Every structure is written in C-alpha cells, then in structure tokens.
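Structure first, then comments.
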C-alpha cells in the first residue's frame, strides 16, 4: 500500500460547523445542526440554509483583498492558511515550483454572478465591478490560492458537481505520485447559497420543506427525510509523499491510500436506482489501495437527506460491506455544501480515524427501515479501525471515493489527536 499512499500533513476548515478544525470536530461530534432561517432567501419557497457562522472577510483578509474575491475563495484562503500552519510549511520560503494547487468547486462564484447581474439590471453596466469576471470564474479558487501562497506548480480546478472536492483530492494524489509536485494544497470550496441557485434546487424538489423546524430539516437516512439543506464552506488539505513527510518529521493526520471515480451515465440529477455507480467508485478505491471490504471500519457517506440518494447509497454500501462498517453522514450538522462537501467530509473522515470514533448522524429519529447498513446515531461511537472511506456523488452521475488509512508503515511521529466529546449528542 505504501508505494501509492500519500500523507496528509495539514488540515483547514471553514464550514457551518465553525471556523477551524477544532471547532468543527466538537460540533460534528455533538450532532448539533447549523440550519436556520435565512433572510437572504426570504422570498423563496424554501428559506433555510446552513451558513458559516461569524465569518468576517475584511477582518481576516483585509478590506481590499476581500472586496475583490467571491465568498467561496475567501473561505478557501482562510482554510488554506490554517492547513499550512498545521502542516508546518512556510509559503514564504518553500520552493513554489514544487507546490501544486488542486481545488474543487461545483459552481465557481454564483453569488458574485447573482450580485453583479442585479447591479447591471438595476444600475447599468458602469456599476458592475471590474473584478466581476475573476470573482465568478471557477478556476479562480486555485488561481487565487497560488497567488497568495506563491505556489507556481500545477494549478487546476475540478468541477464534478457535489463530488468536486473529493475529485480534487484524488487528482492531487495523482500529481504527487507522478512526481509533478512535492506538496499538494487541495480541497474544495463553495458559496452558492443565493436566491437563484436555491430557487433552482427548490424547483427540482431537492430541498427540505421542514420550514417550521429548520434545525431538524437535514436528517440523512431518517424515514421522514424530505430533502437536503444547502450549506457553504471550504476545506483544504496539505498532502505530501510519505517519505517526504517523514523526512521532515511532519505531524501526520492520516494517509490517503486509494481513490476511485465513476459515472452513473444515467440521469442529469437522479442517481442510478441501484447505486451501481457509487459502488463502482468505492470498489475502485479499495482496489487502488490493495484493500478488502473487511478492512474498512467506517464510511462517511454522501448522505444528503434526499429520499433517493440515501437509499441508493445505502444499497451500494450493503453490497460491498454488509454489516461490517458503521456509516455516518455529517450533513445532518453542516447541510450539503455542494462542491465543497467531499473535501470537508474527507477531513471529518480523517479525524474519525485518528480519534478511533464515529460521529453521529444528526436528526435521525426513526431510521428508514429500507436502509440495510448500520447508521451511527445519538452519540459518538468509539470504534477501533484502520481504514475509512469518504464517499461523494453529484449531478450528472459523478461519483468519487477516497480511502484513508490511519497508518502507513512505521512513522517517526504519532498522528496528532483532537479531543473527542463523549457526551450524548444534542
């Protein structure tokens, strides 16, 4: 396994569960939903979302810089700064030509598109920002990270809908293994909670209509689930080849051992009814790592809280793992962060491995009787495990899976650990 395994040496998060990895993990383990009524969506049939709390871009990035960036890029910069500090890397002194940036996003800057279009309609072209195009272009999240952190190596953005962050991490691993870079800054970012996007999702019938109790609206695998709650956020991981990470005695959070991807080739929005595409991606990740299903102890599922996704994914999981894994969906807390969600959940999967525990799936009151796999509910479950999978799916039938390992042979430093709450989830 070690010849195809890469080390994760840095983590950064900006999500509805908080700003920073520690704050996120506490809330995920506590199972407290971030969903609330959203004033920006007040005119729509569905007006609930999961927003990043207390995010002040001017305070974090400076007024001039913040004004020129779409919100998803702002999130990514803050997450990347945390991840680089965590990895013990200094962008002022590193060899930027050996640093790749690979980010995922499903939509780029739709918030900026919406705002600038409103300015055009209401006030004319003279009021459209000169930075409108850079703010809305999907490639700019990787481009801006490269600019801010002096990374002149390979630079790209993956756009595989809600699998984008997962795809980006898989592609970054390929670059490291090919020798194209020595450090990969990778992850996903999204900030698409605006009236136009949410109106579109509402028209598709994809959003939860539990408007009278938003904190209970995102309920993956629950019998009464009726749709997802949209969220926003970013995650950045720093990855290196195992030998390089060990040579500089870097702290290691875990190891990415396998990656798999597939296409349903079925429908633009609906998953393949039997979950065969999702199954194919997970089996490919296992094969890539030389692992067997029985080696895996935990799956962080895509688990959107939609009737179709949760059932088809659960069927795929059952065919591969039977009752051998404990499954969770952290979207009960964060909502669905679209193109960022896979990267965020990759971090949660790594934290579950490090802490040898599975966080609960929030808001499961009555498990859907058609769901055959074991779903973690109620409270954190302590569970010895060496491998875990993070699973993502997206519109267009995009599927991607990451297989993470707790260990990769002998290591000069033990993985760092965050404290895990033991109390019952609220």
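Checking the conditions here, which among 154, 138, 57 is under 18 Å from residue 197 (Cβ atoms) and either more than 21 Å from the chain's Cα centre (by Cα) or in contact (Cβ under 8 Å) with a residue 12 or more places away in the chain (or both)? Please lay out each step first, then the result.
Details: 154 fails: under 18 Å from residue 197 (Cβ atoms); 57 fails: under 18 Å from residue 197 (Cβ atoms).
Checking each option against the conditions leaves just 138.
Can you pull out every residue in the stretch 119-147 that is surrounded by 15 or more Cβ atoms within 10 Å (Cβ to Cβ) and over 13 Å from residue 68 (Cα atoms)?
Answer for the stretch 119-147, where residues must be surrounded by 15 or more Cβ atoms within 10 Å (Cβ to Cβ) and over 13 Å from residue 68 (Cα atoms): 119, 138, 139, 142, 143, 145, 146.
Name every residue in the stretch 90-109 that is at pLDDT 95 or above and buried (at least 21 other Cβ atoms within 10 Å of the Cβ), in order of residue number.
Scanning the stretch 90-109 gives 99, 100, 101, 102, 103, 104, 105, 106.
Might you check whether a residue that is out of contact with any strand residue (DSSP E or B) (no Cβ under 9 Å at 6 or more places or on another chain), assigned to a loop (DSSP other than H, G, I, E, B), surrounded by fewer than 24 Cβ atoms within 10 Å (Cβ to Cβ) and free of Cβ contacts under 8 Å to residues at least 12 places away in the same chain occurs anywhere in the stretch 110-117?
No - not one qualifying residue is present in the stretch 110-117.
Go through the stretch 176-200 and count every residue that is within 21 Å of residue 116 (Cβ to Cβ) and part of a helix (DSSP H, G or I).
Residues of the stretch 176-200 within 21 Å of residue 116 (Cβ to Cβ): 189-200.
Filter again for part of a helix (DSSP H, G or I), leaving 195-200.
Selection size over the stretch 176-200: 6.
Restricting attention to the stretch 281-297, report how many residues are over 10 Å from residue 403 (Cα atoms) and crowded, with 22+ Cβ neighbours inside 10 Å.
The total comes to 1.
Within the stretch 404-415, is there a residue that is modelled with pLDDT of 95 or more, within 26 Å of residue 197 (Cα to Cα), in contact with a helix residue (DSSP H, G or I) (Cβ under 7 Å, 6 or more places away or on another chain) and crowded, with 19+ Cβ neighbours inside 10 Å?
No, the stretch 404-415 contains no residue that is modelled with pLDDT of 95 or more, within 26 Å of residue 197 (Cα to Cα), in contact with a helix residue (DSSP H, G or I) (Cβ under 7 Å, 6 or more places away or on another chain) and crowded, with 19+ Cβ neighbours inside 10 Å.
Among what's in the stretch 324-351 and is part of a loop (DSSP other than H, G, I, E, B) and in contact with a strand residue (DSSP E or B) (Cβ under 6 Å, 6 or more places away or on another chain), pick the residue that is nearest to residue 220 (Cα to Cα). Walk me through how you get there before you give the answer.
From the stretch 324-351, those part of a loop (DSSP other than H, G, I, E, B) are 324-325, 329-330, 335, 337; that's our starting set.
Next cut, in contact with a strand residue (DSSP E or B) (Cβ under 6 Å, 6 or more places away or on another chain) only: 325, 335, 337.
Working: 325: 17, 335: 10, 337: 14 Å.
Per the stated criteria, the residue is 335.
Is the stretch 35-51 home to any residue that is surrounded by 23 or more Cβ atoms within 10 Å (Cβ to Cβ) and out of contact with any strand residue (DSSP E or B) (no Cβ under 9 Å at 6 or more places or on another chain)?
no
Just wondering, is there one or more residues in the stretch 56-77 that are closer than 30 Å to residue 247 by Cβ, modelled with pLDDT of 95 or more, part of a helix (DSSP H, G or I) and touching a strand residue (DSSP E or B) at 6+ places or on another chain (Cβ under 9 Å)?
Initial filter on the stretch 56-77 (closer than 30 Å to residue 247 by Cβ): 76-77.
Then keep just the ones that are modelled with pLDDT of 95 or more; that gives 76-77.
Then keep just the ones that are part of a helix (DSSP H, G or I); that gives 76-77.
Of the ones still in play, those that are also touching a strand residue (DSSP E or B) at 6+ places or on another chain (Cβ under 9 Å) are 76-77.
Taking every residue of the stretch 56-77 in turn, at least one turns out to be closer than 30 Å to residue 247 by Cβ, modelled with pLDDT of 95 or more, part of a helix (DSSP H, G or I) and touching a strand residue (DSSP E or B) at 6+ places or on another chain (Cβ under 9 Å).
Could you look through the stretch 230-274, keep only residues that are in a loop (DSSP other than H, G, I, E, B) and surrounded by 20 or more Cβ atoms within 10 Å (Cβ to Cβ), and pick out the one that is nearest to the chain's Cα centre (by Cα)? So that I can check it myself, show each step before the final result.
So the first thing to find is which residues in the stretch 230-274 are in a loop (DSSP other than H, G, I, E, B), and the list is 232, 248-253, 264-274.
Remaining after also requiring surrounded by 20 or more Cβ atoms within 10 Å (Cβ to Cβ): 232, 250, 252-253, 264, 271-272.
On the way: 232: 10, 250: 24, 252: 19, 253: 16, 264: 20, 271: 19, 272: 22 Å.
Taking the candidates together, the pick is 232.
Can you give me the number of residues within the stretch 162-184 that are over 17 Å from residue 259 (Cα atoms) and surrounded by 20 or more Cβ atoms within 10 Å (Cβ to Cβ)?
Summing the residues that are over 17 Å from residue 259 (Cα atoms) and surrounded by 20 or more Cβ atoms within 10 Å (Cβ to Cβ) in the stretch 162-184 gives 2.
Looking at 286, 317, 308, which one is at pLDDT below 95, over 17 Å from the mean Cα position of the chain (by Cα) and more than 17 Å from residue 164 (Cβ to Cβ)?
Exactly one of 286, 317, 308 is at pLDDT below 95, over 17 Å from the mean Cα position of the chain (by Cα) and more than 17 Å from residue 164 (Cβ to Cβ), namely 308.
Surrounded by fewer than 24 Cβ atoms within 10 Å (Cβ to Cβ) and in contact with a strand residue (DSSP E or B) (Cβ under 6 Å, 6 or more places away or on another chain): which single residue out of 195, 214 fits that description?
That would be 214, the only listed residue that is surrounded by fewer than 24 Cβ atoms within 10 Å (Cβ to Cβ) and in contact with a strand residue (DSSP E or B) (Cβ under 6 Å, 6 or more places away or on another chain).
Being closer than 28 Å to residue 179 by Cβ and either out of contact with any helix residue (DSSP H, G or I) (no Cβ under 6 Å at 6 or more places or on another chain) or crowded, with 21+ Cβ neighbours inside 10 Å (or both), is that true of even one residue in the stretch 54-77?
Checked the stretch 54-77: at least one residue is closer than 28 Å to residue 179 by Cβ and either out of contact with any helix residue (DSSP H, G or I) (no Cβ under 6 Å at 6 or more places or on another chain) or crowded, with 21+ Cβ neighbours inside 10 Å (or both).
The values are calculated or read from the model by the stated rules, or taken from the named source; none is laboratory data. As the structure is a computational prediction, the values presented were derived from the model and not from experiment. Here the Cβ is made from the backbone with ideal geometry for all residues, glycine too, and neighbour counts use every protein chain on show.
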